[in-house]
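I'd like to ask you about the structure that follows.
The values are calculated or read from the model by the stated rules, or taken from the named source; none is laboratory data. Predicted model only: the values in this text are computed from it and were never measured. We work out accessible area using only protein heavy atoms, side chains counted, and drop any ligands, DNA or RNA first. Shrake-Rupley method; radii C 1.70, N 1.55, O 1.52, S 1.80 Å.
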Amino acid sequence: MKIYIAGKISGDLEYKAKFRAAEKKLRDMGHSVMNPAWICSSPEFDWNDYMKVSGAMLDVCSGVLFLKDWLSSRGAREEMSRAAESGKHIFMDLSEVPGGEDDS
């Protein structure tokens, strides 16, 4: 399954490690991952620019894993709405994510 990771990035100095850990676990389970923490920060791009890029990442995935801190993130809350409206599989914990490569 192609899975997008959603969670708090803005204001979290440890977000890269947190997202990387979730990505590794998903890949170890056999999934393909879109991780918004891959996007490099630059002062020329604002929050709206990053949301457009991460939205495109979310759109190509069939599932979204929401990290525990997602409610404290405006962007992740918007991603929840986008995921729900587009019928994505929504996972609130890694234990809910199906394991293996045969999952769609």
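Taking all protein chains together and a probe of 1.4 Å, list 79, 44 from the most accessible to the least accessible.
44, 79
I want to check a number: in the chain, how many lysine pairs have alpha carbons closer than 22 Å, given a sequence separation of 8 or more or different chains?
Counting lysine pairs in the chain gives 26.
Rounded to the nearest whole Å², what accessible area per residue is found for the chain with the 1.4 Å probe?
Result: 59 Å² of accessible area for each residue.
Per 10 Å bin, what is the whole-percent P(r) computed from every C-alpha pair distance within the chain?
15, 53, 28, 4, 0
Follow-up. Please report, as a whole percent, how much of the solvent-accessible surface of the chain comes from carbon and sulfur atoms (probe radius 1.4 Å).
Ligands and nucleic acids excluded, carbon and sulfur give 55 percent.
Run the Debye formula on the Cα coordinates of the stretch 1-40, all scatterers equal and no solvent, and tell me log10 I(q)/I(0) at q = 0.36 1/Å.
Each listed q maps to, in turn, -1.31.
Based only on Cα atoms, what mean projected area does the convex hull of the stretch 47-104 have, in nm²?
Orientation-averaged projected area of the Cα hull: 4.2 nm².
Same structure again: Based on DSSP H runs of at least 4 residues, each adding -39500 (n - 2.57), what is the mean residue ellipticity at 222 nm of the chain after dividing by all its residues, to the nearest 500 deg cm²/dmol?
The helix-only estimate for the chain comes to -12000 deg cm²/dmol at 222 nm.
Follow-up question, since we're still on this one. Determine the order of 67, 13, 26, 94 by accessible area, beginning with the largest, at a probe radius of 1.4 Å.
Reading off the accessible areas and sorting them downward yields 13, 94, 67, 26.
Can I ask one more? Can you list residues whose amide H is under 5 Å from residue 33's amide H, if they're 5+ apart or on another chain and H is modeled 1.01 Å from N?
Amide H to amide H, under 5 Å and 5 or more residues apart or across chains, residue 33 pairs with 3.
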